[in-house]
Amino acid sequence: MDRRRFLKILGAAAGAGGLVYAGLRAVNSINHTQEGASVSDFIEAWGRYRIIVYEKNGYYYAIDWHGLRICVNSNTACIQEALNYIGNDCLSRGGNCRVSLLIKPGTYEVNESIDFREAFPPYASYYNYLNVVSEPGSIIQPSPYFPTRRNSALVILSPSSGSQIYFSRINLPYINASMYAVNNINGLVMSQVNDSVIDIPGVSYSSNIGVLINEGGNPNEYPNISGLPAAGFFNNLITIGLLTFNKVGLATIGNNETPLGVQANTFFIQHIYGNNVGIILDMTGSMPNGGSMWNQIMINVIEHNSNLGILDNSGGNIFRINNANTNPPNSDYVESSNVILGSYVIGYLSDGYTLRRGLSKVINLWG
């Protein structure tokens, strides 16, 4: 399978504003269990076999492509049930996913985490071609009954330990973590997704971490999200619209269980707003050789009311910052703790931006 060809197809679709596949052949059936099925076969299947989740008059529904209901209301607003249905179909085809998920506009209040691990168990080593499409206006938020224990998360994007998600396009709803759950909740946790395109319209006001990427699945580092795969997060294209937070915006957690980490990814972040640390790579600092390396992180706007930092405990990354302003002056910083393999910073940096140790090169486009 040509990974670059598949990512190019997905990237073109994302650039067109969604999954619009013109000129696809109309066929009656596709045998996805046959090895060597083309990428276009699976893309065509995404349009033909689809589970739709929608909200109407305060009730949540999931229906299949025949119009049959597979869920009416649930603790996860029928999103988990739809994912479980899709995961079972993936397993029946040796891990190749034929059925896509479409989430219609609406506010989906959940009493439990939406957990991809439940839908994608370790019975298949790889889950390929997973397709999740969330239309603009779809929002996931906790209900008053959502558990607020430490390190709970609204969405967990990871297969079960022993599996990986490959060659996929996952467009999540907007994640609103600011309702009801105070002091404890995280927005999105990800692990073991590779060679894929991930779109996140936004994560708002998570009191702990907005977007957390677990490098090695160490349950001791994330006690209530145990069982994450002991492997990394590679070669993905991740777009994040608005990222607001009270503690940390985007973080990766490293550990010594595996040499794999968060590597060779490209992040596009439109707008960061917060009052603490914007980005921390290798939050625990426990990867001696660097677990979050060779990533490119592009940020359009950083805006806030107090200090906002970018801390890189791995090194070897590139930060491209389009508009960084400090308020109050001299309150922001970029730092790489790896003084041997520092990171690059390129962008329009205001005079009050502090550039701390470990940076290999800083290019301030203001001159």
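Each value in this text was obtained by applying a stated rule to the coordinates, not by laboratory testing. Quick caveat: nothing in here was measured; it's all calculated off a predicted structure. All Cβ positions, even for glycine, are placed from backbone atoms using ideal geometry, and neighbour counts span all protein chains on display.
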Dimensionless Rg over Rh [segment 66-144; C-alpha; Kirkwood]: 0.98
Highest-first arrangement of 129-139, 54-64, where packing means the average Cβ count within 10 Å: 129-139, 54-64
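Return Thr244, Thr76, Thr239, Thr252 ranked ascending by Cβ neighbour count within 10 Å, so the fewest neighbours appear first.
Thr239, Thr244, Thr76, Thr252
Can you figure out the FRET efficiency of Asn322 with Asn88, using R₀ = 41 Å and their beta-carbon distance, to the nearest 0.05?
About 0.40, to the nearest 0.05.
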Extension gain from Tyr145 to Asn276, taking 0.36 nm per residue of separation minus the Cα-Cα distance: 44.4 nm
